1. Could you tell me how many of the residues in the range A:37-47 are surrounded by 13 or more Cβ atoms within 10 Å (Cβ to Cβ) and part of a loop (DSSP other than H, G, I, E, B)?
2. Restricting attention to the range B:86-111, which residues are touching a strand residue (DSSP E or B) at 6+ places or on another chain (Cβ under 8 Å) and more than 17 Å from residue B:71 (Cα to Cα)?
3. Which is modelled with pLDDT of 95 or more and farther than 18 Å from residue B:104 by Cα, of A:64, A:136?
4. For the range B:177-195, what are the residues that are free of Cβ contacts under 8 Å to residues at least 60 places away in the same chain and within 12 Å of chain A (Cβ to nearest Cβ)?
5. Please go through the range A:99-117 and pick out each residue that is more than 15 Å from residue A:199 (Cα to Cα) and away from chain B (no Cβ under 13 Å).
6. Filtering the range B:6-36 down to residues that are surrounded by 18 or more Cβ atoms within 10 Å (Cβ to Cβ) and part of a strand (DSSP E or B), which residue is farthest from the chain's Cα centre (by Cα)?
7. Of the conditions (1) modelled with pLDDT of 95 or more; (2) within 18 Å of the chain's Cα centre (by Cα), residue A:3 clears all except one; give me its number.
8. For the subset of the range A:153-176 comprising residues that are out of contact with any helix residue (DSSP H, G or I) (no Cβ under 7 Å at 6 or more places or on another chain) and surrounded by fewer than 22 Cβ atoms within 10 Å (Cβ to Cβ), which member is farthest from the other protein chains (Cβ to nearest Cβ)?
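The values are calculated or read from the model by the stated rules, or taken from the named source; none is laboratory data. Everything numeric here is computed off the predicted structure, so don't read it as measured data. Neighbour counts are summed over all protein chains in view; Cβ atoms, including those assigned to glycine, are modelled from backbone coordinates with ideal geometry.
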């Protein structure tokens, strides 16, 4: 059994909501146990530079205080806040949702369409995908995860995805873990006909890979 | 159970040797069954542009003829021969050892040292890692996997890795699956103190991720 510490960057402490990402991961990787923790005093999460800046020390403290004995740590946010600092300061492998999704998207296509709810592109997407990004990264008419939940939320997502496909995207990548909890990746794949890389899926694959690495090597020696 | 078709780019048909990579993957992923096939008439494998060129149509034919019903196909060679063609021409996800290793290395470091036996850098390493590659990609005094097996083989590998670390590498990446079958990743990690991304490990993580993708999304819907 591998133990993963998962950080939610929105201040939610109601068990079921807090554990949403962790439960998805545990359901798909039966050798993983996830402990989720959320940062304090940010009920609206991270949505701009300022809210990212104040979140970073909270993420670092949370990880250092609680997750130093885990097999891997996941920062479950497409913006990968505190990813580099935690990697420098901790020995545990640290996985970012955004970086993981950007890396995995390269297996499925070259021209990438981004499906998110903020005007800014997550930094890992810029760094890893750069000029291969087509179109706008945000869904028109959607300003928050609450908008996504409305009756026409999915139609707006699909309209955005269709536009990205018309612009030449051959793979789609989510840029918001809210889209993971909505579980719409299979709907988008079916309706649009392009593969979708979901952030919680991507962080799970990469974190599992990080967990098994040592055993994989040692297994082979013995 | 997921079914993976694995292509060896060296003409080996003796069962144990043919299945070496597949067995490593099956041992670490108990939900994967690997069928390995090797290309014909290339007992020395792929070692330059000419031998890659003649191998490509053989790889394409092998995959199309035998692996169209698999959950994923692995081209088990750091050079990723025929990767792009197979992705264009087949519906099955296609995983390359080199691309997988290059992508996974980004989780463990930025400045990458390459540990291989050929003068040329695999194309995915150039494309994905570019100017972050430090030092030479080949081990001095090693011209083939046979040289690796000699008494001083491991010492030469470690000397190369130490030089890469001195040049600033913060992660090491193998560029030859022969190093995987030698099972020296844990020795290098222990002696050098840097994380190593092994090609068979990397292709296994990425192929498993490709296999579970649809179930991961659908599981969440149900």
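1. Looking only at that region, the number is 5.
2. Within the range B:86-111, the subset touching a strand residue (DSSP E or B) at 6+ places or on another chain (Cβ under 8 Å) is B:86-87, B:90, B:92-97, B:101-102, B:104-105, B:107-111.
If the condition is that a residue be touching a strand residue (DSSP E or B) at 6+ places or on another chain (Cβ under 8 Å) and more than 17 Å from residue B:71 (Cα to Cα), then B:101, B:102, B:104, B:105, B:107, B:108, B:109, B:110, B:111 are the ones that fit.
3. Working: A:136 fails: modelled with pLDDT of 95 or more.
Being modelled with pLDDT of 95 or more and farther than 18 Å from residue B:104 by Cα holds for just one of A:64, A:136, which is A:64.
4. Taking the range B:177-195 first, the residues free of Cβ contacts under 8 Å to residues at least 60 places away in the same chain are B:182-187, B:189-193.
B:182, B:183, B:184, B:185, B:186, B:187, B:189, B:190, B:193, listed by residue number.
5. A:111
6. Of everything passing the filter in the range B:6-36, B:32 is farthest from the chain's Cα centre (by Cα).
7. Unmet for residue A:3, out of (1) modelled with pLDDT of 95 or more; (2) within 18 Å of the chain's Cα centre (by Cα): (2).
8. A:163
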